[in-house]
1. Can you confirm whether ARG104 is surrounded by fewer than 16 Cβ atoms within 10 Å (Cβ to Cβ), farther than 16 Å from ARG58 by Cβ and out of contact with any Leu (no Cβ under 9 Å at 6 or more places or on another chain)?
2. For region 151-164, enumerate the residues that are out of contact with any strand residue (DSSP E or B) (no Cβ under 7 Å at 6 or more places or on another chain) and assigned to a helix (DSSP H, G or I).
Amino acid sequence: MGGDGRARWDKFPINRPRRILAISANHIIQHIMIVMNDSHRLTFRKRHRLSGTTAFQRVFLAKCRKNAGPLVVYGRPNEINHMRLGLSVNRRVGTAVKRNKIKRLLREVFRLQRHDWPRGYDLVVVVRPHETLSLSEYQKLLFRAVRGIHLEWEKRARTSAQKE
């Protein structure tokens, strides 16, 4: 209680404007289906992270690389049924704040888009120096690169099948 005998919460306005969300029925159904199906959760868990020098080296040695603007994306099929992401952001890209922001944006793109991408790839994204882009621009760049990597591996599989 305050010195005037009123509770502290009385000092705050009661009729605050509330945010009203316009959500379509399709959006709600889609969200419920995603939540019900555990494999489609929009999270970035430890199992989606590519870590360790040997894991990065395996992806680099596969020699499948696609350039997408300031991003260079390396990819390799893996034995598991989900994608993993590794990030490499050099100091030349900028200050620690800028590098961390770019990494957060790229992880967010991966988290939101990985269900639309082909499954079973290890990706390493190498970032070149550039001005920070928006989330939608990073989405376009990564989609183009992942699609190119997938097509390249399909092409390699076809040529190796024809040789046998």
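Derivation of every value follows stated rules applied to the coordinates shown; laboratory data play no part. Note that the coordinates shown come from a computational prediction; the quantities given were computed from them, not determined experimentally. So basically every Cβ, Gly included, is an ideal-geometry build from the backbone, and we count neighbours across all protein chains shown.
1. yes
2. Of all residues in region 151-164, those out of contact with any strand residue (DSSP E or B) (no Cβ under 7 Å at 6 or more places or on another chain) come to 151-152, 154-164.
Once the filter is applied, which keeps residues that are out of contact with any strand residue (DSSP E or B) (no Cβ under 7 Å at 6 or more places or on another chain) and assigned to a helix (DSSP H, G or I), region 151-164 yields LEU151, GLU152, GLU154, LYS155, ARG156, ALA157, ARG158, THR159, SER160, ALA161, GLN162, LYS163.
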